Structure formats: C-alpha cells, structure tokens
Amino acid sequence: MTTEPLQNRPVALVTGATRGIGRAIAADLGRTHHVLVGGRSASAVDALVAELPSAAPFVGDLGAGDLPPLPERLDVLVHSAGVEQGTTVAETPRAVWEQVFATNVFAVAELTRVALPALRAARGIVVPINSGSGFHSGPGGGVYAASKFALRAFADALREEERADGVRVSSVHPGRTDSDMQRQLVAKLGESYDTDYYLAPEDVAAAVRTVVDLPERGTVESLAIRPTRRR
C-alpha cells in the first residue's frame with residue numbers, strides 16, 4: 001500500500017493496469033511515480049496496489065462510463081485498457097462495434113477530457129497504448145483495427161490541440177505481445193502461440209518509460225515496437 005507521501009512523487013494513472021501490458025507499465029512507473037492503478041476488478045486492483053511502493057486504486061468500468069474521481073495532480077496518463085472483439089465485417093453486429101469503440105476510443109476520449117485541467121497544470125503527458133493494428137488492418141481484424149485507427153487520429157488531434165498548453169501526447173504502437181489478449185486473438189485465428197515471436201509486456205513498459213522520461217522540451221510523438229523475430 002502507499003508508503004510514500006503523494007507530494008513526493010509525480011502521479012501516473014494507468015488504465016487496464018491489472019494484467020498484461022498495463023500491469024508491466026504500472027510496475028515500471030511504480031519505481032518513481034505514485035501510481036493510480038486502473039481496473040474493473042477491485043480485488044485485482046487492490047492486489048497490485050499492495051505490491052507498489054506508492055499507489056492507490058482507480059476502480060471503474062470506463063467503457064461503461066463509470067469514471068472514478070480524479071486527483072488534483074496528474075503528471076502521466078497511460079491509456080492501456082483495451083478489448084479485442086469481432087470477426088469479419090459480414091459477421092460482426094453493430095453491438096460488438098459499439099462495445100469495442102466504447103472501451104478503445106470513447107472511454108479514452110472522456111477520461112482524457114476530464115483529466116486535461118490537471119495535465120495542463122502539470123505540463124504532463126498522455127500515452128495511448130495503440131497497436132500495430134493502428135497502422136494496418138487485415139481480414140477478421142477490422143473492428144479492432146478501426147478502433148485503433150480512431151485512437152491514433154484522436155492522439156494526433158489531441159497533440160496539436162494541447163501543444164500550446166505543454167501537454168505532450170505519445171502514441172505507443174506495440175506489435176504482438178505475450179498477453180491474455182494475444183492468446184485470445186491467436187486462438188481465434190487458429191494459429192500456434194509461440195512467444196519466441198512476441199514482445200514481452202516489460203518491453204512495452206520500457207518504451208513507455210522512455211517517452212515519459214524524455215525532457216519536457218521533446219516529445220516522442222509516435223513509437224512503434226515490433227518483435228525482432230518474424231515467422
């Protein structure tokens with residue numbers, strides 16, 4: 001649980017922080033930041049809070065519009081929560097499109113909007129965790145890719161809108177990363193799961209650390225990370 005006074009550390013909110021990439025990011029930022037651990041499960045959030053040197057829970061279903069109160073100070077906002085659903089365009093009903101966009105786009109936009117006053121005051125940074133699917137789309141992945149294309153457009157607009165206020169926006173685009181979401185996707189595609197061809201969540205966390213730690217005079221506007229090995 002929190003052991004260091006909040007005012008002694010910059011504050012980072014990480015959504016989707018209880019597993020996979022989000023958990024790795026929260027753990028890495030936890031070395032230097034007071035981390036607001038975002039997630040839908042109070043028990044999972046509390047378990048991670050207890051592991052970090054300085055942390056607090058941020059529990060809510062952002063995709064459903066459940067937005068907990070934000071602190072007065074916020075230096076870093078990492079949007080790591082995301083879902084992957086849908087198959088082909090012909091077989092995916094509207095409800096699935098709406099569910100995916102609710103979490104991957106609408107929740108990001110709303111949380112950012114509410115957080116902007118604190119981010120402006122801190123001259124902070126917003127880090128949307130996007131995907132390789134934010135650049136390319138293929139058969140059966142149109143729903144997820146469309147949401148990530150939209151997330152990239154959101155980040156590009158936000159970056160220019162907030163430039164004068166000193167808020168930086170860094171889109172991070174990981175390739176295939178060993179995670180529960182990746183396992184579900186590979187199973188859906190009928191492929192074999194071989195971690196030799198995937199990034200580790202900690203690799204993505206290291207990239208996020210790089211963009212967060214860059215001096216305020218510079219911004220990594222877009223960062224793509226790909227596994228070195230390819231099939």
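Residue-level check: of (1) open to solvent by 20 Å² or more (accessible area, probe 1.4 Å); (2) of a type outside the set (Lys, Arg); (3) in contact (Cβ under 8 Å) with a residue 60 or more places away in the chain, ASP194 misses just (3). Does region 74-94 hold any residues that are of a type in the set (D, E, K, R) and either surrounded by fewer than 12 Cβ atoms within 10 Å (Cβ to Cβ) or touching a Pro at 6+ places or on another chain (Cβ under 8 Å) (or both), and which are they? ASP75, GLU91, ARG94, listed by residue number. Name every residue in region 55-94 that is among the polar types (S, T, N, Q) and closer than 24 Å to VAL167 by Cα, in order of residue number. Across region 55-94, the qualifying residue is only SER80. Test THR177 against the stated conditions and say whether it is modelled with pLDDT under 95 and in contact with a strand residue (DSSP E or B) (Cβ under 7 Å, 6 or more places away or on another chain). For THR177, the condition - modelled with pLDDT under 95 and in contact with a strand residue (DSSP E or B) (Cβ under 7 Å, 6 or more places away or on another chain) - is met. Within region 197-231, the residues that satisfy the criterion of being closer than 21 Å to ASP178 by Cβ, in contact with a helix residue (DSSP H, G or I) (Cβ under 8 Å, 6 or more places away or on another chain) and open to solvent by 70 Å² or more (accessible area, probe 1.4 Å) are GLU202, ARG226, ARG229, ARG230, ARG231.
Among the residues of region 40-51, just one is touching a Lys or Arg at 6+ places or on another chain (Cβ under 9 Å) and open to solvent by 10 Å² or more (accessible area, probe 1.4 Å), namely ALA44. With respect to (1) in contact with a strand residue (DSSP E or B) (Cβ under 7 Å, 6 or more places away or on another chain); (2) surrounded by 22 or more Cβ atoms within 10 Å (Cβ to Cβ); (3) assigned to a helix (DSSP H, G or I), the lone exception for VAL126 is condition (3).
Examine region 39-60 for a residue that is in contact with a Phe, Trp or Tyr (Cβ under 9 Å, 6 or more places away or on another chain) and within 14 Å of ALA107 (Cα to Cα), and state whether such a residue exists.
First, pick out the residues of region 39-60 that are in contact with a Phe, Trp or Tyr (Cβ under 9 Å, 6 or more places away or on another chain): 39, 45.
Going one step further and asking which of them are within 14 Å of ALA107 (Cα to Cα), we end up with 39.
Checking region 39-60: at least one residue is in contact with a Phe, Trp or Tyr (Cβ under 9 Å, 6 or more places away or on another chain) and within 14 Å of ALA107 (Cα to Cα).
The values are calculated or read from the model by the stated rules, or taken from the named source; none is laboratory data. Everything numeric here is computed off the predicted structure, so don't read it as measured data. Using ideal geometry, Cβ is built from the backbone for each residue, glycine included, and neighbour counts are taken over all protein chains shown. Side chains included, ligands, DNA and RNA excluded: accessible areas come from the protein's heavy atoms. Shrake-Rupley method; radii C 1.70, N 1.55, O 1.52, S 1.80 Å.
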